[in-house]
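Novice: This is the structure I want to talk about, given as structure tokens.
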Amino acid sequence: MPSFDIVSEVDQQEVRNAVEQTNKEVANRFDFKGSDARVEQSGYGLTVYADDEFKLDQVQDILNNRLAKRAVDIKCLELGKVEKISGNKVKRPVTVKTGVDSERAKKIVKLLKDSKLKVQASIQGEAVRVSGAKRDTLQEAIALVKKSIADYPLQFGNFRD
């Protein structure tokens with residue numbers, strides 16, 4: 001029976017490369033000379049540091065551009081609250097979201113059931129497995145999910161005949 005998985009994954013190597021490129025650009029830019037602006041990565045989390053909120057937003061923009069150029073969907077970033085460190089210095093935690101959370105997975109399953117397509121959807125960990133009798137119905141299911149859920153980065157992989 002043909003099937004595919006709906007997942008949300010981020011290539012950590014590409015994120016690491018984007019962080020390094022961002023730090024290199026910030027170090028070379030004239031408007032950041034003498035400032036403590038940088039991006040640090042730890043696991044699936046990033047922390048953006050700067051001297052003030054304006055520079056923090058600029059560093060965030062540079063990071064977003066670098067991620068977009070490296071084909072990492074910036075919708076997977078969840079920005080935290082700006083926190084004061086010492087003096088005027090500020091930082092912002094940024095979480096890189098991976099996996100389809102249970103609430104969104106239930107929404108996808110409900111969407112597929114309500115669509116009257118002849119497919120079965122089941123939640124398997126942080127992925128949703130969709131199976132059906134024909135390849136065409138699975139492609140219709142992919143199109144439906146892409147159209148309906150545009151606010152979250154989803155990938156469709158592991159397509160089997």
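Novice: Only one residue in LEU144, LEU67, LEU112 is in contact (Cβ under 8 Å) with a residue 24 or more places away in the chain, out of contact with any His (no Cβ under 9 Å at 6 or more places or on another chain) and surrounded by fewer than 18 Cβ atoms within 10 Å (Cβ to Cβ). Which one? Lay out the reasoning, then the answer.
Specialist: Working: LEU67 fails: surrounded by fewer than 18 Cβ atoms within 10 Å (Cβ to Cβ); LEU112 fails: surrounded by fewer than 18 Cβ atoms within 10 Å (Cβ to Cβ).
The unique qualifying residue is LEU144.
Novice: Go through segment 123-153 and give me each residue that's part of a helix (DSSP H, G or I), polar (S, T, N, Q) and under 26 Å from the mean Cα position of the chain (by Cα).
Specialist: Selection gives GLN139, SER148.
Novice: GLY87: of a type outside the set (Val, Ile, Thr) and exposed (fewer than 12 other Cβ atoms within 10 Å of the Cβ), yes or no?
Specialist: Criteria met by GLY87.
Novice: Here is a further query. Pairs under 6 Å by beta carbon, first residue under 11 Å from VAL72 (Cα atoms) and touching a residue at least 40 places away in the same chain (Cβ under 8 Å) in segment 1-28, partner among the hydrophobic types (A, V, I, L, M, F, W, C) and not in a loop (DSSP other than H, G, I, E, B), six or more apart or different chains?
Specialist: VAL10/CYS76; VAL10/VAL96; ALA18/LEU67
The rows are residues; the columns are (1) more than 29 Å from VAL39 (Cβ to Cβ); (2) assigned to a helix (DSSP H, G or I); (3) more than 20 Å from the chain's Cα centre (by Cα); (4) at pLDDT below 90.
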site	(1), (2), (3), (4)
LYS81	no, no, no, no
GLY87	no, no, yes, yes
PRO93	no, no, no, no
THR98	no, no, no, yes
LYS110	yes, yes, yes, no
LYS113	yes, yes, yes, yes
LEU117	yes, no, yes, yes
ALA121	yes, no, yes, yes
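Novice: Shifting gears a bit: Return yes when ARG92 is over 30 Å from GLN120 (Cα atoms) and either touching a helix residue (DSSP H, G or I) at 6+ places or on another chain (Cβ under 9 Å) or among the hydrophobic types (A, V, I, L, M, F, W, C) (or both) and no when it is not.
Specialist: yes
Novice: Considering only residues that are modelled with pLDDT of 90 or more and either among the acidic types (Asp, Glu) or closer than 17 Å to VAL94 by Cα (or both), look in segment 22-36 and name the one that is surrounded by the fewest Cβ atoms within 10 Å (Cβ to Cβ).
Specialist: So the residue we want is GLU25.
Novice: Could you please tell me which pairs satisfy a Cβ distance under 6 Å, a separation of 6+ or placement on different chains, a first residue in segment 71-83 that is within 14 Å of LEU46 (Cβ to Cβ), and a second residue that is of a type in the set (Asp, Glu) and surrounded by 14 or more Cβ atoms within 10 Å (Cβ to Cβ)?
Specialist: VAL72/GLU14
Novice: Still on this structure: If we only count strands (runs of 3 or more DSSP E) wholly inside segment 1-77, which ones have 1 or more residues that are among the small types (Gly, Ala, Ser) and in contact with a strand residue (DSSP E or B) (Cβ under 8 Å, 6 or more places away or on another chain)?
Specialist: Passing ranges, in order: 3-7, 45-50.
The values are calculated or read from the model by the stated rules, or taken from the named source; none is laboratory data. Bear in mind the structure is a predicted one, so any value in this text is a computation, not a measurement. Backbone-built Cβ (ideal geometry, glycine too); neighbour counts: all protein chains shown.
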